[in-house]
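Notes follow the structure.
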Amino acid sequence: MIAVIRTLSENEIPAASRLAAEAFREDPGFSHILPDGALRRRRLASLLEAMFRVDAASGGRLAGSFENGALAGIVATLPSGAPNPRLRDWLAHWRILAWMVTDPPAILRALTMVEALERQRPEGADYLHVLAVDPAAQGRGVGAALVRNVLKSEKSVYLETCTPKNVAWYEAQGFKRLAEMRSPVTPTFWTFIREGS
């Protein structure tokens, strides 16, 4: 197996979005935004594609891990100081998010969750926004390799997860747990930081 990590081109964002949608199909955060499983399967890739494009417009980096030429995992990172997305950043991608107009509760759940997450994001740290590995490639070190690639910058890196099993995994990658955030209006999520060198 030959693994290569490189920056993804704009044309590769749809494939990265489909991979992330498969990886996050049962994720508590995305399940909160789109609770109906059938709708989530149809709509999650478009939501992730818009998220990746908004991140890229804010100076973010989307990198992929390729095994023998096939995309196996992706990581989206925003540099420290990158602004939180504004509504107009999202509206720029209205074509791929047109379904949200017919689902106002999903919009409200998404906005509430994004606001809760963004309130925790510290200044001065890069933000590991999304880490996703193709389910068929999980357990082979793809995620750990993508995290190591992010950590090459030697800056502090912040992240959060809504998935309980990820808590111990991120701690094993050298991240320190900051908080467990419980709320009646969002899923529980955990925040982490790994201090820079």
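Bear in mind that the values in this text are calculations on the coordinates, not laboratory data. Here the structure is a predicted model, which means the values were calculated and not measured. Reconstructed Cβ throughout: ideal geometry from the backbone, glycine too, with neighbour counts over all protein chains shown.
Scan the chain and report its longest stretch carrying no GluC sites (Glu not before Pro) that are both in a DSSP loop and have at most 14 other Cβ atoms within 10 Å.
27-122
Under 14 Å from the Cβ of L87, count the other residues' Cβ atoms, weight Lys and Arg +1, Asp and Glu -1, and hand me the total.
Summing Lys/Arg as +1 and Asp/Glu as -1 gives -1.
Considering the options F66, A15, S46, tell which one lies farthest towards the positive end of the dipole of segment 1-82, charges being +1 on Lys and Arg and -1 on Asp and Glu at the Cβ, about the Cα centre.
Selected residue: S46.
Check each of the chymotrypsin sites (Phe, Trp or Tyr not before Pro) in segment 85-115 and keep only those in coil by DSSP with at most 15 other C-beta atoms within 10 angstrom; list them in order.
Within segment 85-115, the qualifying chymotrypsin sites (Phe, Trp or Tyr not before Pro) (loop, at most 15 other Cβ atoms within 10 Å) are W94.
Once you put a point 7 Å from the Cα of W169 and another 7 Å from the Cα of R95, both along the Cβ direction, what distance in nm separates them?
According to this spin-label approximation, the distance is 3.4 nm.
How far apart, in nanometres, would the label points at L108 and K176 be if each is projected 7 angstrom from Cα along the Cα-to-Cβ direction?
Taking the two extended label points, one gets 3.9 nm.
DSSP loop trypsin sites (Lys or Arg not before Pro) in segment 110-197 with at most 13 other Cβ atoms within 10 Å of their Cβ, which ones?
Of the trypsin sites (Lys or Arg not before Pro), the ones in loops of segment 110-197 whose Cβ has at most 13 other Cβ atoms within 10 Å are K152, R182.
Mind checking the full-extension length gain between A56 and V4? Use 0.36 nm per residue of separation minus the Cα-Cα distance, one decimal, nm.
16.6 nm
Taking all pairs of distinct Cα atoms, average 1/r, flip it, and tell me the Kirkwood hydrodynamic radius of segment 143-197 in Å to one decimal place.
That comes to 11.8 Å for segment 143-197.
Express in whole angstrom the spacing between the alpha-carbon centres of segment 88-159 and segment 1-74.
After rounding, the separation between the Cα centres reads 9 Å.
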